[in-house]
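The values are calculated or read from the model by the stated rules, or taken from the named source; none is laboratory data. Every value quoted in this text rests on a predicted model; they were computed, and no experiment measured them. Neighbour counts run over all protein chains shown; Cβ positions are idealised from the backbone, glycine included.
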Amino acid sequence: MKFKILKADKRHKEEIDKLIQEVRIGSGVSGSLKNFWFVRVNNQIVACAGIDCIDPQTAIFTHCAVRKEFRHNGIGSALINKRMEFARILEMKTIALITMYYHFNFYKRRGFRTCPRKELPDNLKNYWMFTARQYMKCAVMVNEKF
């Protein structure tokens with residue numbers, strides 16, 4: 001499948017929020033779409049992903065969503081690569097994310113490792129996604145060697 005990753009802005013927020021709700025990973029994006037990208041196929045947004053830079057050396061991957069019928073086409077991998085490239089340009093040292101157990105291998109192949117919340121560095125321990133009740137069943141994964 002051929003697709004292009006595009007930079008999101010406020011014009012895309014409603015459709016991105018709808019996708020995030022559809023794939024059940026949240027209620028939408030709170031705040032700006034400054035570091036957010038999406039994939040459009042047949043004039044509809046079918047995937048999205050963001051990165052939240054919490055300090056000059058640390059970033060959090062947020063809201064990676066791919067509509068079910070478009071999965072297994074390399075879109076999720078391309079969005080991860082896009083965000084990792086962005087983090088490299090910014091010279092980030094650490095990337096973290098939360099995910100369900102069935103995505104562990106997907107992220108492990110990209111250099112992430114699981115990390116108990118109590119072992120997170122201080123600048124990550126209190127990040128809202130790592131402390132929110134709705135995400136407590138998710139695992140935190142960290143990559144410091146990208």
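Give segment 122-146 a look and list any residue that's over 21 Å from residue 83 (Cα atoms) and of a type outside the set (S, T, N, Q), or say none. Before you say what the answer is, go through the steps one by one.
Step one: list which residues in segment 122-146 are over 21 Å from residue 83 (Cα atoms), which gives 122, 125-126, 131-137.
Hits for segment 122-146 are 122, 125, 132, 133, 135, 136, 137.
Which one of these is surrounded by 14 or more Cβ atoms within 10 Å (Cβ to Cβ), in contact (Cβ under 8 Å) with a residue 24 or more places away in the chain and more than 26 Å from residue 19 (Cα to Cα): 124, 97?
One residue alone meets the criteria, 124.
Of the residues that sit in segment 55-87 and are hydroxyl-bearing (Ser, Thr, Tyr) and touching a strand residue (DSSP E or B) at 6+ places or on another chain (Cβ under 8 Å), which one is surrounded by the fewest Cβ atoms within 10 Å (Cβ to Cβ)?
The initial filter retains those residues of segment 55-87 that are hydroxyl-bearing (Ser, Thr, Tyr), namely 58, 62, 77.
If we keep only those that are touching a strand residue (DSSP E or B) at 6+ places or on another chain (Cβ under 8 Å) as well, we get 58, 62.
Values: 58: 20, 62: 23.
Within segment 55-87, the match that is surrounded by the fewest Cβ atoms within 10 Å (Cβ to Cβ) is 58.
Tell me the residue from 81, 105 that is over 14 Å from the mean Cα position of the chain (by Cα), free of Cβ contacts under 8 Å to residues at least 60 places away in the same chain and in a helix (DSSP H, G or I), please.
105
Can you tell me which residues in segment 18-46 are surrounded by 16 or more Cβ atoms within 10 Å (Cβ to Cβ) and either under 20 Å from residue 59 (Cα atoms) or under 14 Å from the mean Cα position of the chain (by Cα) (or both)?
Once the filter is applied, which keeps residues that are surrounded by 16 or more Cβ atoms within 10 Å (Cβ to Cβ) and either under 20 Å from residue 59 (Cα atoms) or under 14 Å from the mean Cα position of the chain (by Cα) (or both), segment 18-46 yields 19, 20, 23, 25, 26, 29, 33, 35, 36, 37, 38, 39.
Would you check which residues across segment 48-78 are farther than 22 Å from residue 21 by Cα, out of contact with any Cys (no Cβ under 9 Å at 6 or more places or on another chain) and not in a loop (DSSP other than H, G, I, E, B) and list them?
53, 54, 55, 58
Could you check residue 11 against (1) assigned to a helix (DSSP H, G or I); (2) within 14 Å of the chain's Cα centre (by Cα); (3) basic (Lys, Arg) and say which number it fails?
(2) is the only condition that residue 11 fails.
Run residue 45 past the list (1) modelled with pLDDT under 95; (2) touching an Asp or Glu at 6+ places or on another chain (Cβ under 7 Å); (3) farther than 23 Å from residue 128 by Cβ and report the number of the one that doesn't hold.
(1)
Suppose the filter is in contact (Cβ under 8 Å) with a residue 24 or more places away in the chain, assigned to a helix (DSSP H, G or I) and under 20 Å from residue 129 (Cα atoms); does residue 88 pass it?
Spelling it out, it is not the case that residue 88 is in contact (Cβ under 8 Å) with a residue 24 or more places away in the chain, assigned to a helix (DSSP H, G or I) and under 20 Å from residue 129 (Cα atoms).
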